[in-house]
Amino acid sequence: MTLADTSAPAAPERPSPFTSAGRHALGARALAHPLRTIVVVYLVSRVVSLVALWVAATWFQNPAGVGHASPGLGDMFGLWDGVWYERVVRDGYPVPLPVDADSGAVTYSAWAFYPLYPYLVKAVMVTGLPFTAAGGLLNVVLGGVAAVLIWMLLRSGVHADRQPQRERLALVAACLWCFYPTTAVMLKPYTEALATVLVVGALLLLVRRHYVLVALVSVPLGFTRGVAPALGAAALIHLAVRWREDRAAGIRPLHGQRLSAFVMLAGLAVSGIAWPVVAGLATGVPTAFFDVQAAWGQRPGEGPFVLWLEWAWHGKGAAGVVVLVALVATYVALVLGRHGRWICIEARAWALAYPLYLFAVVRPITSMWRFLLLDFPLAALVTSVAMRTANGQGVVPHWRRRVAVVLVVVVAGLLWWTCALLVYTPWGSFPP
């Protein structure tokens, strides 16, 4: 026997990721370890967002917006809403309600900003971190939790059409969400990451019929973002579907959970009014929250959707209105059609209720791009369009190339949004 005969067999060569076999092997490993895949992709998205912030600071940030001649990466983290959240941490909320010295009208104040996030940042600051670092660190963690929760919700097949490729679709959708064009705000002291965690967590609990826990999650949500009406719509649709299913099965609808369902709806109702009530009680002005919102330009009392239709009409006339309506109709068709039916109905209800609620109560502002970060089912719709076959039961053979194209477009959007809107010029910027 020769020396070659007694040597150990060589380890099989791992296929290159640039070959077809390598891509299949890489995809198989990603599906086999979805949590690890999401964490890795999320961390990569944080690096990409950080690079976008650096580009914005180096080539697009006006020195007048940061107070010195050489804007740098560090300057980008404290701009815009972060200034107001830092005021909440440092000074709390002003009492009495601030008014304009000349007109006596209610003016800008911290009461327009919900308190849970800044007080969580204040808790992190106990470690000795300054506000901006503490807020960014908190958001990096919350953003990763949000991505995992999105994957968990999208892989649920309850109240959804049968989909053999659900695991793959859910994983890709969660990863694409990490690169949403406004995702750079999750490196800054903003509330989007916390709000997404609470919304997706509540929807996941709703799917699993943990109604009391939904109520418990909805209360802190009421002190984070004013989105309880949209979440309440999703809860009502869930209960209606379950009621119909229970009757069809010949059992008493909501058997054993009627009280907990009522508690859930009550919790959502409390969530919707909690912060306006607190603001009114603290300042002695019952309409304080809404008065401050009006000072910031939000006037939902003028009628739902009216401001958006006026904006489209003044911009492009009848053609602008037609384009706006067509875009909304296309989105609704995607949610209700085959590209949306693989998603659980609770997430689909949120996908309809949340954007329509925004269009009903928020004026046309560039911040809408950021608000839509909470519309996570949009990533699932894009994933479905890019990956699924015509019958919806499989994925196209070249789905990786399609997803890569989508990713390039989304990252380009991330770079554009960060450089165009996240920078600040005192006399001419649009809010991000």
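Treat every Asp and Glu Cβ in the chain as -1 and every Lys and Arg Cβ as +1, leave all other atoms uncharged, and give the resulting dipole magnitude about the Cα centre to the nearest 20 debye.
Values: 32 positive and 18 negative charges, 318 e Å.
Here the size comes out at about 1520 debye.
Nearest 10 degrees is fine. How inclined is helix 258-283 to the longest principal axis of the chain, computing both from alpha carbons?
40
Given springs between every Cα pair under 10 Å in a Gaussian network model of the chain, which of Ala101, Ala269, Ala28 has the largest fluctuation?
Ala101
Across the Cα atoms of the chain, what radius of gyration and what greatest pairwise Cα-Cα distance (Dmax) are found, in Å?
24.0, 102
Name the long-range amide H neighbours of Val99: under 5 Å, sequence gap of 5 or more, or other chain; modelled H, no Pro or chain starts.
Long-range HN contacts for Val99: Thr107.
Between Asp246 and Phe60, what FRET efficiency comes out of the Förster formula 1/(1 + (r/R0)^6) with R0 = 51 Å and r the beta carbon distance, rounded to 0.05? Walk me through the numbers before you get to the answer.
Details: r = 56 Å, r/R0 = 1.10.
For Phe60 and Asp246, the calculated efficiency is 0.35.
Loop sites only, by DSSP: take the trypsin sites (Lys or Arg not before Pro) in the chain that have at most 14 other C-beta atoms within 10 Å and name the longest stretch containing none of them.
Numbers: sites that count: Arg162, Arg208.
Of all site-free stretches, the longest is 209-432.
Put +1 on the Cβ of every Lys and Arg and -1 on every Asp and Glu Cβ in the chain; which of Val214, Leu415, Tyr117 then has its Cα farthest towards the positive end of the dipole?
Selected residue: Val214.
Cut-off 10 angstrom, C-alpha nodes, Gaussian network model of the chain. Which of Asp81, Asp291, Asp91 fluctuates the most?
Largest GNM mean-square fluctuation: Asp91.
Using the Karplus curve 6.51 cos²θ - 1.76 cosθ + 1.60 with θ = phi - 60°, work out ³J(HN,Hα) for each residue of the range 140-150 in order, rounded to whole Hz, and write x for Gly and Pro.
Those phi angles translate into 4, 5, 5, x, x, 4, 4, 4, 5, 5, 4 Hz.
Could you state the angle between the C-alpha long axis of helix 399-421 and the longest principal axis of the C-alpha atoms of the chain, as a value from 0 to 90 degrees rounded to the nearest 10?
Relative to the chain, helix 399-421 is tipped by roughly 30 degrees.
Hey, what angle do you get for helix 192-207 against the long axis of the chain, alpha-carbon based, 0 to 90 degrees rounded to 10?
Taking Cα atoms only, the helix is inclined about 70 degrees.
What percent of all Cα-Cα pairs in the range 254-388 falls into each 10 Å bin, going from 0 up to the bin containing the maximum distance?
10, 28, 32, 22, 7, 0
Tell me the label-point distance for the pair Ala390, Leu309, using the 7 Å Cα-to-Cβ offset, in nm and rounded to one decimal.
3.9
Please compute the modelled spin-label separation between Ala412 and Ala333, points set 7 Å along Cα→Cβ, answer in nm with one decimal.
Placing both labels 7 Å along Cα→Cβ, they lie 2.4 nm apart.
Normalised radius of gyration for the range 118-203, please: alpha carbon Rg relative to 2.2 N^0.38 Å, two decimal places. Write out the running numbers ahead of the final one.
On the way: Rg = 15.2 Å, N = 86, 2.2 N^0.38 = 12.0 Å.
It is 1.27.
Between Met368 and His255, how high is the FRET efficiency from 1/(1 + (r/R0)^6) when r is the Cβ-Cβ distance and R₀ = 56 Å? Nearest 0.05. Intermediate results must be reported in sequence, preceding the final value.
Numbers: r = 42 Å, r/R0 = 0.75.
Once rounded, the FRET efficiency stands at 0.85.
Quick check: net charge around His339, other residues with Cβ under 11 Å of its Cβ, Lys/Arg +1 and Asp/Glu -1? Could the numbers behind the result be given before it?
On the way: positive: Arg338, Arg341, Arg348, Arg388; negative: Asp161.
It works out to a net charge of +3.
Please find, in a Gaussian network model of the chain (springs between Cα atoms separated by less than 10 Å), the residue of Asp246, Asp75, Asp375 whose mean-square fluctuation is greatest.
Of Asp246, Asp75, Asp375, the Gaussian network model singles out Asp246 as fluctuating most.
What fraction of the Cα pairs in the range 210-329, stated in percent, has a spacing above 24 angstrom?
Every Cα pair in the range 210-329 considered, those over 24 Å come to 51 percent.
Find the relative contact order for the range 28-122 and round it to a whole percent, using C-alpha pairs within less than 8 Å whose residues are 6+ positions apart.
Working: 51 pairs, mean separation 16.6, N = 95.
Reported as a whole number, the value is 17 percent.
With an 8 Å cut-off on Cα pairs and a minimum separation of 6 or more residues, tell me the relative contact order of the range 34-421 in percent.
Details: 517 pairs, mean separation 90.2, N = 388.
Contact order relative to length: 23 percent.
Taking 7 Å along the Cα-to-C-beta vector as the label spot, tell me the Arg299-Asp161 distance in nanometres, rounded to one decimal.
Once both label points are built, they end up 4.4 nm from each other.
Between Ala266 and Ser103, what is the FRET efficiency for a Förster distance of 51 Å, r being their Cβ-Cβ separation, to the nearest 0.05? It would help to have the intermediate numbers written out before the result.
Values: r = 40 Å, r/R0 = 0.78.
The pair Ala266/Ser103 has a calculated efficiency of 0.80.
Would you mind computing the Rg to Rh ratio of the range 341-432 from its alpha-carbon coordinates, Kirkwood style for Rh?
Radius of gyration relative to Kirkwood radius: 1.06.
Read-outs: derived from the displayed coordinates by stated rules, not from any lab. What you see is a predicted model; the values in this text were computed from it and never measured. All Cβ positions, even for glycine, are placed from backbone atoms using ideal geometry, and neighbour counts span all protein chains on display.
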